[in-house]
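Colleague: Structure in C-alpha cells, see below.
The values are calculated or read from the model by the stated rules, or taken from the named source; none is laboratory data. Because the structure is predicted, anything quoted here is derived from the model rather than measured. Positions of Cβ are backbone-derived with ideal geometry, glycine not excepted, and every protein chain shown enters the neighbour counts. Note: areas computed on protein heavy atoms with side chains; ligands, DNA, RNA excluded. Shrake-Rupley method; radii C 1.70, N 1.55, O 1.52, S 1.80 Å.
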Amino acid sequence: MCRLLERQQAGELATRHVRAVAETVGVSERTVWRWVEQAKTTGQVEAPVRQGYAVSDEVWALLGEVGGNVAELRRRLAAGSRCRRRRHCTG
C-alpha cells in the first residue's frame, strides 16, 4: 500500500498498478482505489479491519423458535421482544 500511495502522490499511479494489486490480493479494483483514498486521507496504510457480528446462543435459540424464519427473527429482534428484555443480542 505504501508504494501505491507514493505513486499516487507522485501522480504516477495507473489503473494497471491498481489492477495488479487487486488481482494479487483477491479484491476488486474499486476496493484498492478505496484503500488508496483512505490512506491518502487518514495516513493509515494498513487494510481496514472489518468488525464482525457475533450471534449469541440466545439469538440462535430464537431463530429455532421461529422455525428458521430469518424475516420473523428480524421482526422480533427489531421489536425488542427478547433482545431488550433479556439482552440476548450481541454484535
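Colleague: So, in segment 11-34, how many residues would count as being open to solvent by less than 60 Å² (accessible area, probe 1.4 Å) and within 16 Å of Glu46 (Cα to Cα)?
Modeller: 6
Colleague: Name every residue in segment 3-12 that is hydrophobic (A, V, I, L, M, F, W, C) and not in a helix (DSSP H, G or I), in order of residue number. Spell out the reasoning first.
Modeller: As a first pass, look at segment 3-12 and keep what is hydrophobic (A, V, I, L, M, F, W, C): 4-5, 10.
Passing the criteria: only Ala10.
Colleague: Still on this structure, I have one more. Tell me, please, whether a residue that is at pLDDT 90 or above and under 22 Å from the mean Cα position of the chain (by Cα) can be found in segment 37-46. Before the answer, list the steps.
Modeller: Narrowing segment 37-46 to residues at pLDDT 90 or above: none.
No, because not a single residue in segment 37-46 is at pLDDT 90 or above and under 22 Å from the mean Cα position of the chain (by Cα).
Colleague: In segment 13-34, what residues are farther than 12 Å from Arg3 by Cβ and assigned to a loop (DSSP other than H, G, I, E, B)?
Modeller: Selection gives Ala14, Gly26, Val27, Ser28.
Colleague: Next question. What number of residues within segment 35-54 are part of a loop (DSSP other than H, G, I, E, B), of a type in the set (Val, Ile, Thr) and open to solvent by 60 Å² or more (accessible area, probe 1.4 Å)? Walk me through it before giving the result.
Modeller: Quick first cut of segment 35-54, residues part of a loop (DSSP other than H, G, I, E, B) only: 43-54.
Of the ones still in play, those that are also of a type in the set (Val, Ile, Thr) are 45, 49.
Pick out the ones that are also open to solvent by 60 Å² or more (accessible area, probe 1.4 Å) and you get 49.
Adding up the residues that qualify gives 1.
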